[in-house]
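Visitor: My structure is below; once you've seen it, I'll send some questions.
The values are calculated or read from the model by the stated rules, or taken from the named source; none is laboratory data. Just so it is clear, the model here is predicted, and its values are computed rather than measured. Heads up, the Cβs are rebuilt from the backbone with ideal geometry, glycines too, and the neighbour counts pull from every protein chain shown. With ligands, DNA and RNA removed, areas are computed over all heavy atoms of the protein, side chains included. Shrake-Rupley method; radii C 1.70, N 1.55, O 1.52, S 1.80 Å.
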Amino acid sequence: MTLLKRTNLIYITAFAIRLAMFNFPSVANTLADRIELSTPITSFKRLTEGIYLYNHNVPPYDGDAFHQLPLLLCLFSFIMSFPFSNTIPFLYSTVDIIIAYALSRIAQLKENTTISPSTVAALYLFNPLTILSCVSRSTIIFTNFSMVLSLLSALKGHSHQAMFWIALGAYQSLYPIMLVPVLIMILNNNISIVGSFVVYLTGLFAMSRLYVGSWSFIRATYGIILFLSDLTPNVGMFWYFFIEIFDQFRSFFMVAFQFHMFIFTAPICIRLRKQPIFAMTVLCSIMAIFKSYPSAGDAAFYLSLVSMHDELFKYCRYGFLVSNLFLYASVLAPIFWHLWIYAGSGNANFFYAITLVYNLGQVLLLIDLVYAALRREFDLEHPESIGKLVIHK
């Protein structure tokens, strides 16, 4: 089988699997309710509720249920007006295929990689987390779509396209603004392109204001991300902490938690300035771990970026442990959720404990990858040290 035929087979098979799963409404609806896959700011069910309110002349942002951006509201209001029942499944499946293709093109443009671009695409498309996130119709897929296209555009040298896509990603989820310095590094440290980012982001806000007729969407979308006003459980570390904390300490710890994520951006970009794609991988993993409303779709995206750094794998030390932590969390999270919510034989500690195991696995993976990148860089600069223990005095 030729490479082209194999690549086409990967895309066709992945597309068919997604459409087949969408054809079982009970499966798709069950996945849409899973808190591991959908959060208050990415839930498709909440999006449809907002569309219903908007179409019936009720301001969707007046309550505390709808937290999606106005342009998503506009897009899906238009798409759901079509008489075809498979429009949404086709849209989500197509976006996933485009993300996989963009990842394969990034793998082609990346230096020092031996992994096949079609393998990178396959690892993304057949990752269970990717498939489940797609079929759950989580809108995180559109944020991932924007981020991967921004990276691909930057690698191709298209500065304005890169700034448009990252502005769209930041508009949807706020946290992708952390990736702007990485894109600047890729684009030969061209600081002037920040102006393009500001212009595009301002344009998106202006279009949103025109569509909904007010600025109320800012409080309902970015406000919930920054201040965590909805404490619906998820796979992150914020919700349980802020349920338990005393109100007088809430503001302090909210600032500390949010600042904790953004503080990584500068040191990572400085230390990994020679490896900008890896720097973006690290920042995406930090977002997936420490954002206020993470989901499995966040992990699926950065794991696909990890796959193209195959030159680092021989330096990794915790592969077996990390794999077991991911497997352990994937199996037990639904069980502990059922024991807590449905069986009534458990409590919130059950589920939160397994989310800590899941995030421990992600943190260990991140530490291992950063160590591998730095050790490989040291070995390239000091060939005599290859295979030897290095002690820094």
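Visitor: If the Cβ limit is 8 Å and pairs must be 6+ apart or interchain, which residue in the stretch 20-44 that is farther than 23 Å from Trp239 by Cβ and part of a loop (DSSP other than H, G, I, E, B) pairs with which residue that is open to solvent by 20 Å² or more (accessible area, probe 1.4 Å) and of a type in the set (A, V, I, L, M)?
Guide: none
Visitor: How many residues are surrounded by fewer than 24 Cβ atoms within 10 Å (Cβ to Cβ), more than 17 Å from Ser104 (Cα to Cα) and of a type in the set (Ser, Thr, Tyr) if we restrict to the stretch 140-160?
Guide: Total meeting the criteria: 1.
Visitor: Something else about it: I'd like the residue in the stretch 365-377 that is under 19 Å from Cys269 (Cβ atoms) and buried (at least 17 other Cβ atoms within 10 Å of the Cβ) and, out of all such residues, is farthest from the chain's Cα centre (by Cα).
Guide: If we take residues in the stretch 365-377 being under 19 Å from Cys269 (Cβ atoms) and buried (at least 17 other Cβ atoms within 10 Å of the Cβ), then Arg376 is farthest from the chain's Cα centre (by Cα).
Visitor: Residue check: is Ala333 at pLDDT below 95, open to solvent by less than 30 Å² (accessible area, probe 1.4 Å) and among the hydrophobic types (A, V, I, L, M, F, W, C)?
Guide: Details: at pLDDT below 95: yes; open to solvent by less than 30 Å² (accessible area, probe 1.4 Å): yes; among the hydrophobic types (A, V, I, L, M, F, W, C): yes.
So Ala333 fits the description; yes.
Visitor: Among the residues of the stretch 338-346, are any more than 22 Å from the chain's Cα centre (by Cα) and on the phi > 0 side of the Ramachandran plot? Break it down stepwise before answering.
Guide: Narrowing the stretch 338-346 to residues more than 22 Å from the chain's Cα centre (by Cα): 338-346.
Now restrict to residues that are on the phi > 0 side of the Ramachandran plot: 344.
Yes.
Visitor: What is the residue count in the stretch 51-63 for residues that are farther than 19 Å from Pro40 by Cα and in a loop (DSSP other than H, G, I, E, B)?
Guide: The initial filter retains those residues of the stretch 51-63 that are farther than 19 Å from Pro40 by Cα, namely 55-58.
Applying the additional criterion that residues be in a loop (DSSP other than H, G, I, E, B) yields 56-58.
Selection size over the stretch 51-63: 3.
Visitor: Condition first: open to solvent by 50 Å² or more (accessible area, probe 1.4 Å), part of a helix (DSSP H, G or I), touching a residue at least 24 places away in the same chain (Cβ under 8 Å) and closer than 20 Å to Val235 by Cα. Can you find one or more residues in the stretch 315-323 that meet it? Can you show your working first?
Guide: The first filter runs over the stretch 315-323 and keeps only residues open to solvent by 50 Å² or more (accessible area, probe 1.4 Å), leaving 317-318, 320-321, 323.
Okay, now just the ones that are also part of a helix (DSSP H, G or I), so 320-321, 323.
Subset that is touching a residue at least 24 places away in the same chain (Cβ under 8 Å): 321.
Subsequent filtering for residues that are closer than 20 Å to Val235 by Cα retains 321.
Within the stretch 315-323, one or more residues are open to solvent by 50 Å² or more (accessible area, probe 1.4 Å), part of a helix (DSSP H, G or I), touching a residue at least 24 places away in the same chain (Cβ under 8 Å) and closer than 20 Å to Val235 by Cα.
Visitor: Just checking, does the stretch 129-140 include any residue being touching a residue at least 60 places away in the same chain (Cβ under 8 Å), under 21 Å from Arg209 (Cβ atoms) and β-branched (Val, Ile, Thr)? Write out each step before concluding.
Guide: Going residue by residue through the stretch 129-140, those that are touching a residue at least 60 places away in the same chain (Cβ under 8 Å) are 129-140.
From the residues that got through so far, the ones that are under 21 Å from Arg209 (Cβ atoms) too are 139.
Adding the requirement that they be β-branched (Val, Ile, Thr) leaves 139.
Yes, that holds for at least one residue.
Visitor: Across the stretch 45-69, what is the total count of residues that are in contact (Cβ under 8 Å) with a residue 12 or more places away in the chain and out of contact with any Lys or Arg (no Cβ under 8 Å at 6 or more places or on another chain)? Outline the logic, then answer.
Guide: Just the residues of the stretch 45-69 that are in contact (Cβ under 8 Å) with a residue 12 or more places away in the chain, to begin with: 45-51, 53-55, 59-62, 64-69.
When the remaining residues are screened for being out of contact with any Lys or Arg (no Cβ under 8 Å at 6 or more places or on another chain), the result is 45-51, 53-55, 59-60, 62, 64, 69.
Here the count works out to 15.
Visitor: What is the residue count in the stretch 241-266 for residues that are out of contact with any Phe, Trp or Tyr (no Cβ under 9 Å at 6 or more places or on another chain) and closer than 22 Å to Ala162 by Cα?
Guide: Matching residues across the stretch 241-266 total 2.
Visitor: Can you pull out the helices (runs of 4 or more DSSP H) entirely within the stretch 211-302 that have at least 1 residues that are more than 27 Å from Ser153 (Cα to Cα), open to solvent by 60 Å² or more (accessible area, probe 1.4 Å) and not β-branched (Val, Ile, Thr)?
Guide: On the way: elements: 216-227, 238-244, 247-262, 265-271, 276-290.
Hits in the stretch 211-302: 216-227, 238-244, 247-262.
Visitor: Let me ask something else. Any chance you could count how many residues in the stretch 99-139 are open to solvent by 30 Å² or more (accessible area, probe 1.4 Å), basic (Lys, Arg) and more than 29 Å from Leu72 (Cα to Cα)?
Guide: Of the residues in the stretch 99-139, 0 are open to solvent by 30 Å² or more (accessible area, probe 1.4 Å), basic (Lys, Arg) and more than 29 Å from Leu72 (Cα to Cα).
Visitor: Could you list, ordered by first residue, the pairs with Cβ atoms under 8 Å in which the first is in the stretch 351-375 and of a type in the set (Lys, Arg) and the second is assigned to a helix (DSSP H, G or I), at least 6 apart or interchain?
Guide: Short answer, once both residue conditions are applied: Arg375/Tyr315.
Visitor: Restricting attention to the stretch 196-210, which residues are open to solvent by 60 Å² or more (accessible area, probe 1.4 Å) and of a type outside the set (Phe, Trp, Tyr)? Talk me through it step by step, then tell me what you get.
Guide: The first filter runs over the stretch 196-210 and keeps only residues open to solvent by 60 Å² or more (accessible area, probe 1.4 Å), leaving 198-200, 202, 207, 209-210.
Selection gives Val198, Val199, Thr202, Met207, Arg209, Leu210.
Visitor: Let me ask another. When only residues in the stretch 53-62 that are in contact with a helix residue (DSSP H, G or I) (Cβ under 8 Å, 6 or more places away or on another chain) and closer than 27 Å to Leu231 by Cα count, which is surrounded by the fewest Cβ atoms within 10 Å (Cβ to Cβ)?
Guide: Across the stretch 53-62, the extreme among qualifying residues is Asp62.
Visitor: A further question on this structure: How many residues are closer than 19 Å to Phe76 by Cα and open to solvent by less than 50 Å² (accessible area, probe 1.4 Å) if we restrict to the stretch 20-52?
Guide: Within the stretch 20-52, residues that are closer than 19 Å to Phe76 by Cα and open to solvent by less than 50 Å² (accessible area, probe 1.4 Å) number 14.
Visitor: Among (1) surrounded by fewer than 20 Cβ atoms within 10 Å (Cβ to Cβ); (2) of a type in the set (S, T, N, Q); (3) assigned to a helix (DSSP H, G or I), where does Gln362 come up short?
Guide: Here Gln362 clears every test but (1).
Visitor: OK, next. In the stretch 64-98, how many are part of a helix (DSSP H, G or I), open to solvent by less than 30 Å² (accessible area, probe 1.4 Å) and of a type outside the set (A, V, I, L, M)?
Guide: Matching residues across the stretch 64-98 total 8.
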